[in-house]
Amino acid sequence: MMRLVFIQKEKSDKKVIESKHLGNDTIFKKYNVFEGDIVRIKENEIALLIKEGKLFDVKEDIGEYYVDNPIVIDKKTVQELKKIKIRKSENEKLCVLFINVGILKNNKYIFNNPIKYVNWRNGESSEIYIKLEGLYDFKIENPKRFISQVIGLRNIYTKQELIERIRNYILNSIEEGINEISKEYKLDVNYLSEYSKNLEVKLKQNKYDEKLAEYGVKLTYFDITKLEVTNKKFKFF
């Protein structure tokens, strides 16, 4: 069974496979590999070794690794990896998938339909409706789930493609997160923008995050750049 084996020496004349231009706009890239090649893992990425729909190995630490077929293997790890099947890769030759696990920043959101907000004033709460725009950050928190259960294998997968797919789940999480802030700080809506900008909002893993969790995605931060209060719920055009 092919594995990625850490290289102790830095210099080698073997072919080196590394990700190129993952940046803030690319979720993953796939490269074909052969036994003896070297896989170079950089900051904010992990490497998955895949063949014919099966996950052979996962490496998260920065460094260089031989694509090797070792005599001694960790049987427990092998059994765990065998349970993971990679969608749309049944006919795939041996390849390495570099996944961006850094925080993907400055993604714009907008609520065209006003959302319900629990407003606090003079110690009393009331429900109002607000229209919001802003920015959010997210990350791929569970890469194996992301690839095996949701997306499957492709040569390249961009951030924008993922955002289009999970847009509604992101909006739901932001709405719930905003009301978490309201509940915790008993905020008047007039102070909501200030709090969202100044706090590194780590959204709690409550039920509203289940859909994002199914994708292996975690919302890490949001702020509000535009807020408008309305008296009734209607669609903004």
Open item on the list: Counting pairwise Cα distances across segment 104-230, what percent come out greater than 20 angstrom?
Closed with: 45 percent
TODO: Using per-residue counts of other Cβ atoms within 10 Å, averaged over each peptide, order 113-120, 18-25 from highest down.
DONE: 113-120, 18-25
Task: 5 Å-binned pair-distance histogram of segment 39-167 (Cα, whole percent) - done: 2, 8, 15, 17, 15, 11, 7, 6, 6, 5, 4, 2, 1, 0, 0
TODO: Would you work out the relative contact order for segment 111-154, in percent, from Cα pairs under 8 angstrom that are 6 or more residues apart?
DONE: 29 percent
TODO: Once you've got the Cα coordinates, tell me which of Lys42/Lys211; Lys29/Lys51; Lys108/Lys211 are over 27 Å apart.
DONE: Lys42/Lys211
- [ ] Work out how much length Thr230 to Arg167 would gain on full extension: take 0.36 nm times their residue separation and subtract the Cα-Cα distance, in nm to one decimal.
- [x] 20.4 nm
Task: Karplus-derived HN-Hα couplings along segment 90-99 (A = 6.51, B = -1.76, C = 1.60, θ = phi - 60°), whole Hz, x at Gly and Pro - done: 4, 9, 6, 6, 4, 8, 10, 10, 8, 10
Open item on the list: Quick query: amide H of Arg3 versus all other amide H atoms, modeled in the peptide plane; which residues come in under 5 Å with a sequence gap of 5 or more or a different chain?
Closed with: Asp68, Asn69
- [ ] Please find the FRET efficiency linking Val118 to Tyr31, where r is the Cβ-Cβ separation and R0 is fixed at 45 Å, and quote it to the nearest 0.05.
- [x] 0.35
Task: Listed peptides 168-181, 35-48 by packing density, highest first (mean Cβ within 10 Å) - done: 168-181, 35-48
Task: Virtual spin-label span in nm between Glu210 and Glu180, 7 Å along Cα→Cβ - done: 1.6 nm
- [ ] Just order 86-92, 143-149 by mean Cβ neighbour count inside 10 Å, highest at the front, would you?
- [x] 143-149, 86-92
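Every read-out reported here was derived from the displayed coordinates using simple, explicitly stated rules and does not represent laboratory data. Keep in mind the model is a prediction, meaning the values are calculated, not measured. FYI the Cβ positions are ideal-geometry reconstructions off the backbone, even for glycines, and counts take in every protein chain you see.
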